[in-house]
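Quick notes on the structure that follows.
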Amino acid sequence: MDTLLSVLELKKTYEVKKSIFSSKKDIIRAVDSISLELQRGSTLGIVGESGSGKSTLARCILFLERPDGGKVFFENKDLMTLKKNEMRTLRKDMQIIFQDPYSSLNPRKRVLETIGEPLLFHGYSKKDDLISKVKDILKDIGLNEDFLNKYPHEMSGGQRQRVAIGRAIATNPKLIVADEPVSSLDVSIQAQIVNLFLDIKEKRKISIIFVSHDLNIVRFISDEIIVIYKGKVVESGKTEEVFYNPLHPYTKMLIESVKADFIKKEPILNDNQHEGCAYYPRCNIKREICKKGSPSLTGDKIHKVACFVFNQPF
Ligand SMILES: Nc1ncnc2c1ncn2[C@@H]1O[C@H](COP(=O)(O)OP(=O)(O)OP(=O)(O)O)[C@@H](O)[C@H]1O
Ligand SMILES: [Mg+2]
């Protein structure tokens with residue numbers, strides 16, 4: 001197997017004031033010792049409810065935010081030890097796509113500049129070459145040449161997200177991290193954009209980390225899935241395994257809520273206040289032992305779970 005990215009015990013905590021009148025602070029463990037691996041050419045889905053730490057994990061993997069601890073290896077390079085200019089060069093291999101293309105695209109820039117900019121930044125200099133390269137990218141993202149001169153406000157949400165994808169693939173990256181890339185779009189458009197991701201992955205052999213709260217979408221696009229809750233991986237494995245044979249009660253709950261078309265919208269409180277398993281207060285199969293510590297992720301390459309009820313014989 002050819003590993004592109006390895007993440008080892010990554011950690012990110014935030015301190016937030018309990019209230020505006022209080023000097024007391026809560027420690028939020030947004031990413032609480034997460035490890036994962038991404039193989040070249042494959043797609044890893046990251047799922048969890050709002051507030052579970054998905055975006056923080058995505059940002060820390062790309063070092064858009066510096067993790068407090070742990071390691072990220074990209075093609076065996078330890079990102080923590082890279083110098084600024086080395087990191088800058090590596091950026092062209094690692095791109096991010098955000099949820100809302102309207103805020104991630106510059107409203108004053110036409111598509112030619114938006115997609116051409118990263119190419120210029122990474123050394124493209126001839127104007128004619130640049131235009132023909134951007135035209136090629138437009139083809140790949142399913143837009144015709146008329147879009148070259150359009151501004152974001154002249155396009156639909158789906159078209160804007162296509163442009164954001166075009167910008168991300170312009171430098172021919174090895175990894176794209178897409179953070180809820182279809183959540184702001186109409187359901188009818190979501191499938192088209194997911195198909196575009198599949199297309200790009202196939203044609204360009206790009207590895208993708210696809211973040212979403214919607215297990216149905218993640219299931220469709222991912223080879224493997226990790227499920228996170230309060231900054232920890234509670235279950236991971238091959239997509240079909242996790243979806244058809246979920247072990248953790250949290251994963252089961254997520255799958256049920258997708259079936260019932262009900263996903264909790266308000267963020268979970270990531271306060272890490274109690275001892276024991278983070279899922280204890282919500283768990284419907286909890287036992288005494290679950291109060292005592294945090295279960296570790298155990299299993300094989302196909303399927304892992306962090307749950308005392310599964311991992312300890314009673
Ligand atoms: N810059 C920050 N300062 C303080 N707390 C933060 C910051 N960013 C994230 N958090 C907190 O970290 C936790 C994880 O947030 P994060 O945005 O990573 O979750 P998420 O899974 O991406 O949620 P959503 O589905 O709503 O996007 C939350 O409790 C959040 O309030
Ligand atoms: Mg998020």
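Here, each number is a calculation from the coordinates, and none is a lab measurement. Every value quoted in this text rests on a predicted model; they were computed, and no experiment measured them. No Cβ is skipped: glycine too gets one built from the backbone with ideal geometry, and neighbour counts run over all protein chains shown.
A few comments on the model shown:
- Condition met for Ser257 (small (Gly, Ala, Ser) and farther than 30 Å from Gly276 by Cα): no
- Any chance Ser188 is farther than 25 Å from Glu113 by Cβ, of a type in the set (S, T, N, Q) and surrounded by 23 or more Cβ atoms within 10 Å (Cβ to Cβ): no
- Failed item, numbered, when Phe63 is tested on (1) on the phi > 0 side of the Ramachandran plot; (2) within 13 Å of ligand 2 (Cβ to nearest atom); (3) not charged (D, E, K, R): (2)
- Number of the exception - Ser19 against (1) among the small types (Gly, Ala, Ser); (2) outside any strand (DSSP E or B); (3) out of contact with any Gly (no Cβ under 8 Å at 6 or more places or on another chain); (4) in contact (Cβ under 8 Å) with a residue 12 or more places away in the chain: (4)
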